[in-house]
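Worksheet for the structure shown next.
A short reminder: the numbers here are calculations on the coordinates, not readings from a lab. In this text the structure is predicted, and so the values were computed from the model without any measurement. A quick note on method: Cβ atoms are made from the backbone with ideal geometry, for glycine too, and the neighbour counts reach across all protein chains shown.
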Amino acid sequence: MASINAWDSGAIKDYEHVFEEFGLSKFTEYNLTDSYLFKRKIIVAHRDFSKIADAIRHKKKFLQLTGIASSGEMHLGHKIDVDFYLLFRKLGAKSRFSISDIDGYVSRPDAKVPSMAAAKEIAVRNAADAIALGVPPSEIYAQSNMPREYYQLTYEVSKKITNKMFEAIYGHTDLGKISAVLLQIADILHVQMPHMFGKAPTITGIGIDQDPHARLTRDVAKRLDYDFEMPSFFYFRHLSGLKEGSKMSSSEPDTAIFLKDTPEEVKRKISRAFTGGRESIEEQRKTGGNPDVCKVYEILKFHNPSYKFVDGTYAECRAGKLLCGECKKNCIAFLNAMLKKHQEKYRKALPEARKIVYGK
Ligand code: SF4
């Protein structure tokens, strides 16, 4: 039986099997925008996306909620969440971005996030990253700094989930993780509350391993004493880690490129990344490399908007014209230029980020 663990950092190997087991629909709306995030088929599945597609096509009201749990520094995997957020707001969504500091503390071991104060400091850095990537500060909120309606909704959600339900979905009844789930459900639904944007189709982008949250949120949405539209979800491929078979994760720093990494760190990590290169230069010239399994190519595919550069890399790799050493150098140059700009904006965004988390 396939299992999806919402707190696991393993990579999903068999998407087709997961679709069948959990009843997800394959994503087919790739022509909705020209964005590379759609054209490169980074979204793989959805629940109820047709309402959102209709709203985009006919310029009707729709909402978006995305977030990040403040349990560590943002890496390129988190950047995908933000890139999708920016795309859907451009497509017309009224949007809110959650910096989930309470979630980050209560659902993670003390060794990772030792206190609420530590989670808030991580939240400041995460918010500054989100601002630097282009999210307007007015759309970002920290879970610990919200109006009372939001907390009231969180408690109302708790009334709709029993221990048995929780155990059946997640396989345990850890109180911290239960609290985190209640907050995540409130995050997704609160945008439809009367003091926010009101009832409307709502989209949230998640990795497939987060599907248990999606199923529970949809189930709770219809049983709460509010007039909520059932929220929709799209599922994107996780950027895998730099090692073979891993997901990019802050728990394993060497599998991830962090947005705060120095040029030297980027160089070191990319130089050691798993590639689809052959045993020898001669063999690679003769048979070509395999970009489909290559972590370097994957980073370019997920983060470099230039079709010329990314498609060119793919074709030249396949043809044996491009070798891994040169290709890694190109990737390092691309990442370091991107991160240099990001880090400048990040520093400027810190005071605003602090206000979001601490309210002053
Ligand atoms: Fe990967 Fe580039 Fe080597 Fe091809 S040439 S396998 S894309 S690193």
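If you take the Cα centroid of region 108-182 and the Cα centroid of region 320-360, the two points sit 26 Å apart. One quarter of the surface of the convex hull around the alpha-carbon atoms of the chain equals 18.0 nm², the direction-averaged projected area.
Computed from label points 7 Å out along Cα-Cβ, the spacing between Asp110 and Lys60 is 5.1 nm. Projected label points at Tyr226 and Asp311, each 7 Å from Cα along the beta carbon direction, are separated by 4.4 nanometres. As a proxy for reagent exposure, Thr262, Thr275 were ordered by neighbouring Cβ count within 10 angstrom, fewest first; the result is Thr262, Thr275. Exposure proxy ranking for Phe274, Phe49, based on other Cβ atoms within 10 angstrom of each Cβ and starting from the fewest, stands as Phe274, Phe49. For the pair Met165 and Lys321, a Förster radius of 35 Å applied to the C-beta separation gives a FRET efficiency near 0.05, rounded to the nearest 0.05. Bridgeable lysines around Lys308 (alpha carbons under 20 Å apart, same-chain partners fewer than 8 residues away excluded): Lys39, Lys41, Lys295, Lys321, Lys328, Lys329. Centroid-to-centroid, using Cα positions, region 51-105 and region 219-298 are 19 Å apart. In this label model, Asp254 and Glu20 are separated by 3.7 nm, measuring between points 7 Å along each Cα→Cβ vector. D by Stokes-Einstein for region 207-288, Kirkwood Rh over Cα pairs, 10 °C, 1.306 mPa s: 96 µm²/s. For Leu175 and Lys355, the FRET efficiency from 1/(1 + (r/R0)^6), where r spans their Cβ atoms and R0 equals 25 Å, is about 0.20. As a check on your grasp of the helix formula, calculate [θ] at 222 nm for the chain: sum -39500 (n - 2.57) over DSSP H runs of n ≥ 4, divide by the residue count, round to the nearest 500. Using -39500 (n - 2.57) per qualifying helix, the result is -15500 deg cm²/dmol. Ordering Ser50, Ser70, Ser107 from the fewest to the most neighbouring beta carbons within 10 Å gives Ser50, Ser107, Ser70. Computed from phi, the 3J(HN,Hα) profile of region 27-38 under the Karplus parametrisation 6.51, -1.76, 1.60 (θ = phi - 60°) reads 7, 10, 7, 5, 8, 5, 8, 8, 4, 4, 5, 8 Hz, with x in place of Gly and Pro. Charge tally for Asn145 (other residues, Cβ to Cβ under 15 Å; Lys, Arg +1; Asp, Glu -1): -1. Annotation: the antiparallel percentage among DSSP beta bridges lying fully within the chain is about 35.
In terms of distances greater than 29 angstrom between alpha carbons, the cross-link table entries Lys79/Lys160; Lys112/Lys247; Lys26/Lys348; Lys112/Lys340; Lys267/Lys301 yield Lys79/Lys160; Lys26/Lys348.
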